[in-house]
1. Any chance you could run the full-extension gain for GLU69 through THR43? It's 0.36 nm times the residue separation minus the Cα-Cα distance, nm to one decimal.
2. Given Cβ point charges of +1 (Lys, Arg) and -1 (Asp, Glu) and nothing else, what value in debye, to the nearest 20, does the dipole of segment 43-95 about its Cα centre take?
3. Within 10 Å, count the other beta carbons around each residue, average over each peptide in 71-84, 50-63, and list them highest first.
4. What is the Cα convex hull volume of segment 22-83 when expressed per residue in Å³?
5. By per-residue mean of other Cβ atoms within 10 Å, what is the highest-first order of 104-114, 127-137?
Amino acid sequence: MGKRGPAGAPTALRVLRGDRADRINTDEPRPSAGVVEPPSWLTQRAKYVWAKLGPDLQARCVLTPWDVEAFAAFCDAAVRRRDAVAELRKTGAVMELPVFNKNGERTGERIGKSPWTLVLNEADAQFRYYAARFGLTPSDRAQLRMGEAPNGADELLDDFG
């Protein structure tokens with residue numbers, strides 16, 4: 001059985017939120033300092049999403065060398081979502097689809113959902129999943145408190161810098 005309750009937030013986000021020191025895992029494995037660059041397989045458009053959000057996340061110690069693939073998946077989902085929305089604007093959400101009999105002969109047409117709605121739904125689900133993991137959703141962002149770090153948080157933040 002999996003873990004219950006909401007997914008745990010990264011330690012860096014918990015420190016920024018001002019969580020109690022006794023609830024923050026100070027023994028958490030930490031990635032070594034390193035270059036955080038988009039992987040070569042990302043498209044140019046996905047690299048644009050990376051360039052827009054990545055530096056800020058890296059500065060806040062949320063995007064580390066260990067997170068490259070997960071953040072790349074977020075960027076890729078953002079682009080696929082945009083592509084699906086553009087196609088749905090062109091074709092519409094409802095379209096005429098062919099109907100075939102058991103012999104494979106076309107017998108007519110029916111009204112159905114555009115296949116792009118499936119692409120959009122899958123990209124949305126991935127986008128929301130990874131956005132929440134990196135603190136990019138409005139509800140995750142609402143939990144963050146910026147300003148003076150609470151007692152003990154400076155030392156924890158130094159460990160992530």
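1. Details: separation 26, 0.36 × 26 = 9.36 nm, distance 1.36 nm.
Taking GLU69 through THR43 to full extension adds about 8.0 nm, to one decimal.
2. On the way: 9 positive and 6 negative charges, 59 e Å.
The dipole magnitude comes to about 280 debye.
3. Numbers: 71-84: 20.7, 50-63: 17.0.
Order by mean packing, descending: 71-84, 50-63.
4. On the way: hull volume 6.1 nm³, N = 62.
About 99 Å³ per residue, rounded to a whole number.
5. Values: 104-114: 10.3, 127-137: 18.1.
In decreasing order of mean packing, 104-114, 127-137 become 127-137, 104-114.
Quick note: the coordinates plus some simple rules give every number you see, no bench work behind them. No experiment lies behind these values; they were computed from the predicted model shown. Please note: Cβ atoms are built from the backbone with ideal geometry, for glycine as well, and neighbour counts cover all protein chains shown.
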